[in-house]
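**Student:** Before we start, here is the structure in question, set down as C-alpha cells.
The values are calculated or read from the model by the stated rules, or taken from the named source; none is laboratory data. This is a predicted model, so every value here is computed, not measured. All Cβ positions, glycine included, derive from the backbone under ideal geometry; neighbour counts span all protein chains shown.
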Amino acid sequence: MDRNNCFHCGLEVAENDTILFDQKAFCCSGCKTVYEIFSANDLTTYYDFEKSPGATPLHTKGKYDFLAHEDIVSKLLEFHEKETAIISLNIPHIHCSSCIWILENLHKLLDGIVTSQVNFGRKTVRIIFNPEKTNVQEIVLLLCSVGYEPYISLEDYEAVKTGTDRSLIYKIGVAFFSFGNVMLLSFPDYFDVGEYWLDHYKGFFRWLIFLLALPSFFYAANGYYTSAYKSLRSKMYTIDIPIALGLIVMFIRSTIDMFFDYGQGFFDSLTALVFFMLLGKLFQQKTYNFLSFERDFKSYFPIAVTKIESDLTEFSVPVYEIEKGDRLLIRNQELLPVDGILISEATEIDYSFVTGEAVPIPKKSGDKLYAGGKQLGNSVVLEVLKPVSQSYLTQLWSNEVFQKKVDRKHKTITDTISHYFTPILLIIALAGFTFWIFRDVTTAFNVFTAVLIVACPCALALTAPFTLGNVLRIMGKKKFYLKNAVVIEQLAQVDTIVFDKTGTITSGQAAAIRFEGGLISAEHAVFIKNILQGSNHPLSRKLYDFLPATAHKKVTGFEELPGKGISGYIEGHNIRIGSAAYLGKPAEKGFLKTSVHCMIDGTYVGAYIFETRYREGLQALFTQLRNQQYTIKILSGDNEGERSLLKDLLPEHTELVFNQKPEQKLAFIAKLQEEGRNVMMIGDGLNDAGALAQSNVGISISENVNVFSPACDGILDAAQFSNIGRFLELSKKAIFTIKMSFTLSLLYNVVGLAFAVSGKLSPLVATIIMPLSTVTIVSFVTLLSNYYAKKAFRSKKKPTATDYEMAAV
Amino acid sequence: MSVIYLLISISVVVSISFFIAFVRAVRSGQYDDDYTPSVRMLFDDELKEETPKQENKDK
C-alpha cells in the first residue's frame with residue numbers, strides 16, 4: 001500500500017484516509033485545521049524549521065470549562081492586574097524549534113495576547129495577556145486547537161510557585177572573580193627574580209590578593225563549612241571535612257604568612273580550589289526540569305469537575321469544594337477524583353492507575369466507584385460518597401507505608417573513602433608535627449599545615465562529581481533521566497531487579513490483535529471497521545486502528561450500550577459488536593483474555609482477541625540481566641492469565657507474583673531488602689508508587705516521559721527498555737572509573753605528602769602539584785566515562801535526529 | 001612609579017564591574033534557560049509586510 005506522511009504531524013497515513021488540502025497530505029481533519037489556522041495567519045514558517053512538527057489536536061469539548069471559574073483561574077495566574085495578566089503553562093508537546101516559534105507567535109493568532117515566551121528546558125510557555133480582551137480559557141482552547149494542549153493538574157492549583165535557586169551560579173561567579181584576579185596578581189611571586197620594581201610593590205600585590213581572596217573563602221566556600229560541621233555532628237566522616245579543614249588551614253597559614261611577611265601564602269591555590277570544586281558541583285547538578293520526579297496523585301487529578309445541580313444545570317467546581325451528596329458529571333477518559341455511587345445506567349472503569357489491572361471493569365447503576373479510576377464510555381453521573389480528602393486513593397496515599405520516609409542515607413563512594421582518609425590524614429599531620437617539633441619548631445608548624453594543605457582532597461572531591469555528572473548526561477541523551485547523580489552509584493549496587501508487569505514489560509500501546517473463529521470475509525471486515533468508527537470505547541479505537549483502511553459506508557441506527565457493545569446497520573445488514581454476554585454467548589471459563597465479539601445478521605462470526613504485547617527485546621534483556629548475575633522478579637497487579645506465557649518468555653527460576661495490591665508490592669520490596677538485597681524496582685503508574693519509593697532505586701518507565709510518572713529516582717523512556725542492562729553496566733563502569741581516579745589522586749597525595757612531611761614544600765611545588773592533579777583527574781574521568789559509554793552502546797544503531805535534539809536539552 | 005597602583009586599581013575596578021554585570025545577568029534570569037534564546041535568535045522576522053488579515057484572527 002502506498003503510504004504518505006501527514007504534512008502536519010508526520011504520522012503515516014493510508015492512501016484512502018488521506019485528506020488533501022493545499023496540495024499537502026493530512027492524516028485527519030484535526031491536522032488539516034491546524035494547518036488552515038496557520039496558513040490563514042501567515043504562520044506557515046512553522047513548517048520550515050522542522051519537518052512535520054505538529055501534534056493532532058484532540059477533542060477537548062467541555063474539558064476546560066472549569067477555566068471559566070474565577071477562583072481556579074486566579075490560582076493559576078502568576079500575576080493579575082487590570083490590563084496585564086501572566087500565566088505559565090506546561091506544554092509537554094514542546095520538542096523542537098518549530099514549537100518555540102509558533103508558541104512565541106501566539107499574539108498573531110489571538111488578539112489580547114501581548115507576548116509569549118517559551119522555556120524549552122522546562123517545556124513551559126509564559127503568556128502575558130490582557131484580561132480585558134481575552135481570558136485563560138480562550139488561550140488554553142487556542143493552544144489545544146493548534147495541537148499544544150497544556151497539562152493542567154491539581155498540582156498546579158496547589159503548588160506554591162518557588163523561585164529558582166541560583167546561589168550556586170552566584171558562588172561560582174564570586175569564586176571565579178577571586179580566582180582570576182588572584183592568579184594574575186600572583187605572577188610577580190611565581191617569577192620571583194628579584195627584580196627591583198616587583199619587589200618594591202610586593203606588599204601592595206599581597207594585600208590586594210588577600211582582599212580578593214576573602215569573598216571566595218567566606219562566601220563561595222561556605223557550603224563546605226556548614227556541610228562539614230553537619231557531618232561532624234552526625235559523626236559521619238564525609239569528604240567535606242578534609243576539604244573544609246584544608247581550606248581553613250590554608251587560609252590561616254596564608255594570612256599569618258602575609259602579616260609576618262614570611263611569603264605570599266597559598267591564596268592562589270585556595271581560590272582555584274574553591275572555583276574548581278564549585279564547578280564540579282555545577283557539573284553534577286544536571287536537572288531535567290521538564291520532568292517531575294516527585295509526583296503524587298495530585299498531578300493526575302483534574303482541578304475541577306462538572307457538578308450537576310438539582311435543576312440539571314451544569315457548572316464547574318474546584319475539586320476541593322465537592323461535598324458528600326453532590327452529583328458529578330464524569331466524561332469519557334476523565335479520572336474520578338472522589339469515591340461515589342454510579343447513578344447512570346452502566347459504564348466501565350479502568351482502575352489500572354490504582355491496581356495495575358489493565359482490563360476495564362464494567363459497573364452498573366448503584367455500584368460503588370473509587371477515586372483514581374478512569375471513566376470509559378459515555379458521560380456518566382455519580383453521587384459523591386466521600387470528598388477528595390477522604391477518598392480511597394487519597395487515603396491510600398496518606399497511608400503510613402506510602403508516607404514512610406525510607407531511612408536510607410546512601411553512603412556515597414566518596415564518603416566511604418574519606419571515612420578512612422580523614423583520620424589517616426590527621427594522623428600523618430600530627431606525626432609529622434611531633435617528629436619535627438623536637439628539631440625545629442618553625443618547620444614543625446610548616447609541615448603540619450603543609451600536610452593538611454597538600455592533602456586537601458580536591459582531586460578526590462572532583463572525581464565523583466565529574467564522572468557522575470558526565471554519566472548522568474550520557475544517560476540523559478539515551479533517554480534515561482535520573483533524579484540526581486547519587487542514583488548512578490545506587491544503580492551500580494543493585495543485585496535484584498523487580499519488574500512490574502502491566503505497562504512495564506508489556507507495551508501500553510499497540511496490543512497485538514488476532515482474529516479467532518476462522519477467516520473473516522473482506523465484506524465483514526469493512527462492516528466492522530465502519531461501525532467501530534462511531535464508538536469511543538478504547539477497545540473500539542484500538543480495533544479500528546488495527547483494521548486495514550476501507551471505503552466509508554453509511555451507518556444507520558447506531559447504538560452504543562456502555563459496558564456491553566455497539567450495534568448498527570450498514571446496507572441493511574445488522575452488525576453487533578461487544579462482549580460475549582452482549583451477544584448472548586456464554587463466557588468461556590478461565591477465559592481471561594480481552595476480546596471483542598462480532599455478530600453479523602444474527603450469526604456469530606468470531607472474536608478479536610487482544611493479546612498483550614511484550615516490549616521489544618524483552619527476552620534478550622532478561623537473558624542479558626541473568627548473565628550479569630541479577631536476580632529477576634516479576635510483580636503484577638494483574639491476574640494469572642499469562643503465567644504460562646511469561647514462564648516461556650523468561651529465564652528459568654524467575655519468580656512470578658500475581659494479584660498484588662499497591663501495599664503488597666511495597667511489602668514485597670521491603671521483604672527483599674530485609675534479606676539484604678539491593679532492589680531496583682521498575683514500574684509505571686500509581687499502583688507501583690509505593691514499591692518505587694521503597695526500593696533502593698525506583699525507575700519509572702513511561703511512553704511519554706513528559707506526562708505520567710509517579711515519584712521515582714529515574715524515568716526511562718519506554719523505547720529504551722531493552723537497554724536497561726546497558727545502563728546498569730555503564731553505572732558499574734562509572735564507579736570503576738571513580739575508583740581508578742581515586743587511586744590516581746591518592747598517588748598525587750603521596751607524592752605531595754612526601755614533599756610536605758620532609759618539610760620541603762615550597763609554594764612553587766604546591767602551585768604545580770595542585771592544578772596538575774586537578775586537570776589530570778578531570779580529563780581522566782571524562783575520557784574514561786565517555787569511552788565506557790561508547791563501549792556499552794557500541795552495537796546500537798546510529799543516533800537519530802531526535803537524539804541530537806534531546807542532547808541539546 | 002605609582003602608576004602601577006593606578007593600573008592595578010583600574011584593572012580591579014574593571015573586573016568588579018564585570019562581576020556586577022554577571023550578578024545582574026543571573027538575577028534577571030538569563031541563566032535559567034540556556035537553550036531557547038539560542039533558537040529564538042535564528043527566527044527571521046519574515047512578516048515584514050503588513051498583511052491585513054485581522055478579521056480571521058479569532059478562531
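**Student:** Could we say that A:GLY557 is in contact with a helix residue (DSSP H, G or I) (Cβ under 8 Å, 6 or more places away or on another chain) and over 21 Å from A:LEU519 (Cβ atoms) here?
**Tutor:** So A:GLY557 does not fit the description; no.
**Student:** Restricting to region A:85-96, name every residue that is within 11 Å of chain B (Cβ to nearest Cβ) and surrounded by fewer than 20 Cβ atoms within 10 Å (Cβ to Cβ).
**Tutor:** Listed by number, the list holds a single entry, A:CYS96.
**Student:** Restricting attention to region B:9-53, report how many residues are more than 8 Å from chain A (Cβ to nearest Cβ), in a helix (DSSP H, G or I) and either within 21 Å of A:THR115 (Cβ to Cβ) or at pLDDT below 85 (or both).
**Tutor:** Number of matching residues: 3.
**Student:** Report those helices (runs of 4 or more DSSP H) wholly inside region A:188-280 carrying at least 1 residues which are away from chain B (no Cβ under 14 Å).
**Tutor:** Output list reads A:222-233, A:240-259.
**Student:** Check off (1) more than 18 Å from the chain's Cα centre (by Cα); (2) at the interface with chain A (Cβ under 7 Å from one of its Cβ atoms) for B:LEU6 and give me the number that stays unchecked.
**Tutor:** Failed condition: (2).
**Student:** Which members of region A:111-120 meet the condition of being at negative phi and either within 7 Å of chain B (Cβ to nearest Cβ) or not aliphatic (A, V, I, L, M) (or both)?
**Tutor:** A:ASP111, A:THR115, A:SER116, A:GLN117, A:VAL118, A:ASN119, A:PHE120
**Student:** Another one. Which one of these is buried (at least 17 other Cβ atoms within 10 Å of the Cβ) and touching a Phe, Trp or Tyr at 6+ places or on another chain (Cβ under 9 Å): A:SER695, A:SER700?
**Tutor:** Only one candidate passes the filter, namely A:SER700.
**Student:** Please work out which residue is surrounded by the most Cβ atoms within 10 Å (Cβ to Cβ), limiting yourself to region A:779-800 and to residues that are of a type outside the set (S, T, N, Q) and modelled with pLDDT under 85.
**Tutor:** Residue satisfying both the conditions and the ranking: A:ALA792.
**Student:** Among all residue pairs at least 6 apart or on different chains, which show Cβ distances below 6 Å where the first residue, located in region A:654-677, is not assigned by the TED database to the domain that holds A:THR631 and the second is surrounded by fewer than 17 Cβ atoms within 10 Å (Cβ to Cβ) and of a type in the set (Phe, Trp, Tyr)?
**Tutor:** If the second residue must be surrounded by fewer than 17 Cβ atoms within 10 Å (Cβ to Cβ) and of a type in the set (Phe, Trp, Tyr), no pairs are left.
**Student:** Sort out which residues of region A:99-109 are surrounded by fewer than 21 Cβ atoms within 10 Å (Cβ to Cβ) and at the interface with chain B (Cβ under 8 Å from one of its Cβ atoms), and write them in order of number.
**Tutor:** A:GLU104, A:LYS108, listed by residue number.
**Student:** Given (1) surrounded by 24 or more Cβ atoms within 10 Å (Cβ to Cβ); (2) at pLDDT below 85, where does A:THR467 come up short, assuming only one miss?
**Tutor:** (2)
**Student:** Among the residues of region A:233-268, which ones are under 47 Å from the mean Cα position of the chain (by Cα), at pLDDT 85 or above and surrounded by fewer than 16 Cβ atoms within 10 Å (Cβ to Cβ)?
**Tutor:** Scanning region A:233-268 gives A:ARG233, A:ILE252.
**Student:** If you don't mind, another one. All but one of (1) crowded, with 22+ Cβ neighbours inside 10 Å; (2) free of Cβ contacts under 8 Å to residues at least 24 places away in the same chain hold for A:LYS230; state the number of the condition that does not hold.
**Tutor:** Unmet condition: (1).
**Student:** Also: Report yes if some residue within region A:184-203 is within 44 Å of the chain's Cα centre (by Cα) and surrounded by 15 or more Cβ atoms within 10 Å (Cβ to Cβ); otherwise report no.
**Tutor:** Yes, that holds for at least one residue.
**Student:** Let me spell it out: the conditions are (1) under 32 Å from the mean Cα position of the chain (by Cα); (2) surrounded by 22 or more Cβ atoms within 10 Å (Cβ to Cβ); (3) modelled with pLDDT of 85 or more, and A:THR271 meets all of them except one. Which number is the exception?
**Tutor:** (1)
**Student:** For region A:233-251, which residues satisfy the criterion of being without any contact (Cβ under 8 Å) to a residue 60 or more places away in the chain and among the aliphatic types (A, V, I, L, M)?
**Tutor:** Of everything in region A:233-251, those that are without any contact (Cβ under 8 Å) to a residue 60 or more places away in the chain and among the aliphatic types (A, V, I, L, M) turn out to be A:ALA244, A:ILE248.
**Student:** Of the residues A:SER700, A:SER644, A:SER636, which is of a type in the set (Ser, Thr, Tyr) and more than 25 Å from the chain's Cα centre (by Cα)?
**Tutor:** So the residue among A:SER700, A:SER644, A:SER636 that is of a type in the set (Ser, Thr, Tyr) and more than 25 Å from the chain's Cα centre (by Cα) is A:SER644.
**Student:** What number of residues in region A:592-616 are closer than 24 Å to A:ASP717 by Cβ and touching a Phe, Trp or Tyr at 6+ places or on another chain (Cβ under 7 Å)?
**Tutor:** Final tally of qualifying residues: 1.
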